[in-house]
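In what follows, a single structure is set out as structure tokens and then discussed.
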Amino acid sequence: MSDTPSDLICVGAIGGAYGVRGEVRLKSFTAETHALEDYAPLLTEDGAFEFTVTITRGIKNGLAARLSGIATKEQADALKGVKLFVPRDRLPETEDDEYYYTDLVGLEVRDTGGAVLGKVKTVVNHGSTDILEVLVPGSSDTVLLPFTLAAVPTVDIASGRIIADPPEGLFD
């Protein structure tokens, strides 16, 4: 196993301290929120720090947890914004029509007629559905494409391509 950044999957982020006894606020990016504990140890993106996780309770917009080596509010606050990763091989295989966000980033997006619309820059979720941020070719502009079966009928990871049927006028 190699822990190069491409082998690491982001599974959560630290939101700062929760209380005064060294607990942290965690946002889980896993399908099962509490699975963060099962995937430990969690790594920082550069691999410099590794944490075991003990989830203490659910809180509004996330989890309260203890991380190994973090004992004070100041230490917890210093980690605010740090993303947590695990090696890909610790995660379950995806089912058909399930994808890790990292697998979608960089894929070419074409319309149903074969015209190139751009490349996936990132995947975001603001509540109701995932959204692909597509970088328009030859520009720094992006378009937000709903990641729904209607708007994205085909994802072909092996070919590095997504076929999209975007809503009328989205890419004009």
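The values are calculated or read from the model by the stated rules, or taken from the named source; none is laboratory data. It should be emphasised that the depicted structure is a prediction, and the values quoted were computed from it without experimental measurement. Don't worry about glycine lacking a Cβ; one is built from the backbone with ideal geometry, like all the others, and counts go over all protein chains shown. When the accessible area is computed, the model is the full protein with side chains, heavy atoms only, and any ligands, DNA or RNA have been set aside. Shrake-Rupley method; radii C 1.70, N 1.55, O 1.52, S 1.80 Å.
In table form, for the structure just shown:
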read-out	value
Accessible surface, the chain, averaged per residue in Å² (probe 1.4 Å)	58 Å²
Listed residue pairs exceeding 22 Å between alpha carbons, taken from K60/K121; K27/K80; K27/K119; K80/K119	K60/K121; K27/K119; K80/K119
Mean separation of Cα contacts under 8 Å (6+ apart) over length of the chain, as relative contact order %	18 percent
Cα-derived Rg to Rh of the chain, Kirkwood definition	1.04
Within the accessible area of the chain (1.4 Å probe), percent carbon and sulfur	49 percent
Amide H partners (placed H, <5 Å) of F147, local residues excluded	D130, I131, L132
Computed Kirkwood radius, in angstrom, where 1/r is averaged over Cα pairs of the range 25-93	12.5 Å
D (Stokes-Einstein, µm²/s), Kirkwood Cα radius, the range 82-172, 1.002 mPa s at 20 °C	154 µm²/s
Euclidean distance between Cα centres, the range 123-137 to the range 24-51, Å	23 Å
Residue among P146, P92, P137 with the largest mean-square fluctuation in a Gaussian network model of the chain, springs linking Cα atoms under 10 Å	P92
Compactness of the range 56-130 as Cα Rg over 2.2 N^0.38 Å, two decimals	1.59
Under 12 Å, Cβ to Cβ, from F171 - net charge with Lys/Arg +1 and Asp/Glu -1	-4
Candidates E50, E95, E23, ranked by Gaussian network fluctuation over the chain, Cα under 10 Å, top entry	E95
